[in-house]
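J.: Have a look at the structure that comes next, please.
The values are calculated or read from the model by the stated rules, or taken from the named source; none is laboratory data. Quick caveat, the model's predicted, so the values are computed rather than measured. In this analysis, Cβ positions are derived from the backbone assuming ideal geometry, glycine residues included, and neighbour counts consider all displayed protein chains. SASA here: full protein model, heavy atoms, side chains in, ligands and nucleic acids out. Shrake-Rupley method; radii C 1.70, N 1.55, O 1.52, S 1.80 Å.
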Amino acid sequence: MVIRVAAGIIMRDEQVFIALRSQDKHQGGCWEFPGGKVELDEEPSAALVRELEEECGIQVNVSSPFQLIRHDYSDKSVELHFFKVTDFDGEPHGKEGQEVAWVSLKDLTSYTFPEANVPIVKALLAA
């Protein structure tokens, strides 16, 4: 079974908002682009809006598809729908108590991301 996830690359100026996964989650202790599972019969773009409100407390105004990544971990397969979020209302924060940070694009490589996120970091740095 493939787990579908919508993730937001929340941008402001030359910075991106990232969150630390809790240790008890899959790939815990890694930084990630916030988001979550796409529900059955839900469009990834709708899941993005819902998840970023739940996790970060923001309302997405403008987002655009960035990249689709399919990745097989040893214990699960994921399909990650990444969206670039360029306009939003509210100030992103760790609404669920997670550690968060605004990071300069050039500093992204200083953070450990899940393996499936590495191509996204590379694409952001190449843009």
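J.: Open to solvent by 40 Å² or more (accessible area, probe 1.4 Å), over 15 Å from Val121 (Cβ atoms), modelled with pLDDT of 95 or more and not charged (D, E, K, R), is that true of Ala46? Step through it out loud before you land on a result.
T.: Working: open to solvent by 40 Å² or more (accessible area, probe 1.4 Å): yes; over 15 Å from Val121 (Cβ atoms): yes; modelled with pLDDT of 95 or more: yes; not charged (D, E, K, R): yes.
Taking the combined requirement at face value, the residue satisfies it.
J.: Sticking with this one: Which residue, of Gln67, Gln59, Gln23, is among the polar types (S, T, N, Q), open to solvent by 60 Å² or more (accessible area, probe 1.4 Å), under 21 Å from Leu108 (Cα atoms) and in contact (Cβ under 8 Å) with a residue 12 or more places away in the chain? Please lay out each step first, then the result.
T.: Numbers: Gln59 fails: under 21 Å from Leu108 (Cα atoms); Gln23 fails: in contact (Cβ under 8 Å) with a residue 12 or more places away in the chain.
Step by step, each of Gln67, Gln59, Gln23 is checked, and only Gln67 is among the polar types (S, T, N, Q), open to solvent by 60 Å² or more (accessible area, probe 1.4 Å), under 21 Å from Leu108 (Cα atoms) and in contact (Cβ under 8 Å) with a residue 12 or more places away in the chain.
J.: Here's another thing I want to ask about it. Please give the number of the condition Ile58 fails out of (1) under 13 Å from the mean Cα position of the chain (by Cα); (2) closer than 27 Å to Asp24 by Cβ.
T.: Failing condition for Ile58: (1).
J.: Mind listing just one residue for me: the one in segment 26-42 that is free of Cβ contacts under 8 Å to residues at least 24 places away in the same chain and of a type outside the set (D, E, K, R) and, of those, nearest to Val103 (Cα to Cα)? Outline the logic, then answer.
T.: Let us first name the residues in segment 26-42 that are free of Cβ contacts under 8 Å to residues at least 24 places away in the same chain, namely 28, 39-42.
Imposing the further condition that a residue be of a type outside the set (D, E, K, R) reduces the set to 28, 40.
On the way: Gly28: 19, Leu40: 33 Å.
Residue satisfying both the conditions and the ranking: Gly28.
J.: Still on this model: Only residues that are in a loop (DSSP other than H, G, I, E, B) and of a type in the set (A, V, I, L, M, F, W, C): list them for segment 44-76, please. Can you show your working first?
T.: Within segment 44-76, the first condition is being in a loop (DSSP other than H, G, I, E, B), and the residues that meet it are 57-58, 73-76.
Residue satisfying the conditions is Ile58 alone.
J.: If you check Arg12 against the conditions, is it over 13 Å from the mean Cα position of the chain (by Cα) and not acidic (Asp, Glu)?
T.: Working: over 13 Å from the mean Cα position of the chain (by Cα): yes; not acidic (Asp, Glu): yes.
Yes, satisfied.
J.: Just the residues that are open to solvent by 60 Å² or more (accessible area, probe 1.4 Å), small (Gly, Ala, Ser) and either assigned to a helix (DSSP H, G or I) or under 26 Å from Glu43 (Cβ atoms) (or both), please, taken from segment 77-127.
T.: Residues satisfying the conditions are Ser110, Ala126, Ala127.
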